[in-house]
């Protein structure tokens, strides 16, 4: 039986990777700590704990968020996707497969956050969101080509201490190509 709420705690229900989890949390508990410490979803990593490294990146309603700065109580009613929810059973997501194929990781610590960010980058790009390096930001111009410069800019909130950036950019580019190929097959 869950403890009764107090002025400093609540019982919340989080939807994580399509599954509902009810848990008591202190109001100061971050989403990162709720995932790791309360729900044993340890794929999301604690790096700087200050929102600067991106190791704790998850998707909130499909948009990337650093979970170390997001309060768990504020995530109630939203769809949270962690690295554990990216694959389709035993079948890796194309972004995960590209990271694996192209060595878009070294020690692997930042990889879950990198992959969650890459998923959001591909979605943002497909929706026509410009980046700081997009030259033509007019809506009628459509999405800018997903060049290595665009990928680096869009992934700049995720740090890799090992320096696997070249492979990460290649992996995101390959996943973007695979996405384009899949979309063309659906349209055809």
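Can you pull out the helices (runs of 4 or more DSSP H) entirely within region 83-188 that have at least 3 residues that are at pLDDT below 95 and surrounded by fewer than 19 Cβ atoms within 10 Å (Cβ to Cβ)? Can you show your working first?
On the way: elements: 94-101, 111-126, 148-154, 165-187.
Result: 165-187.
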Pairs under 7 Å by beta carbon, first residue under 20 Å from residue 180 (Cβ atoms) and in the same structural domain as residue 157 (by TED's automatic domain parsing) in region 125-143, partner at pLDDT below 90 and outside any loop (DSSP other than H, G, I, E, B), six or more apart or different chains? 128/139
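Can you tell me how many residues within region 10-25 are over 21 Å from residue 63 (Cβ atoms) and surrounded by fewer than 17 Cβ atoms within 10 Å (Cβ to Cβ)? Even if it seems obvious, please write down each step before you answer.
Kept after step one, since they are over 21 Å from residue 63 (Cβ atoms), are these residues of region 10-25: 10-11, 22-25.
From what is left, the residues that are surrounded by fewer than 17 Cβ atoms within 10 Å (Cβ to Cβ) are 10-11, 22-24.
Total meeting the criteria: 5.
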Of all residues in region 17-44, count the ones that are touching a strand residue (DSSP E or B) at 6+ places or on another chain (Cβ under 9 Å) and in a loop (DSSP other than H, G, I, E, B). 8
Listed residues 28, 63; which is under 17 Å from the mean Cα position of the chain (by Cα) and loosely packed, with under 13 Cβ neighbours inside 10 Å? 63
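The values are calculated or read from the model by the stated rules, or taken from the named source; none is laboratory data. Being a predicted model, the structure only gives us computed values, none of them experimental. Glycine also receives a Cβ, built like all others from the backbone with ideal geometry; neighbour counts cover every protein chain displayed.
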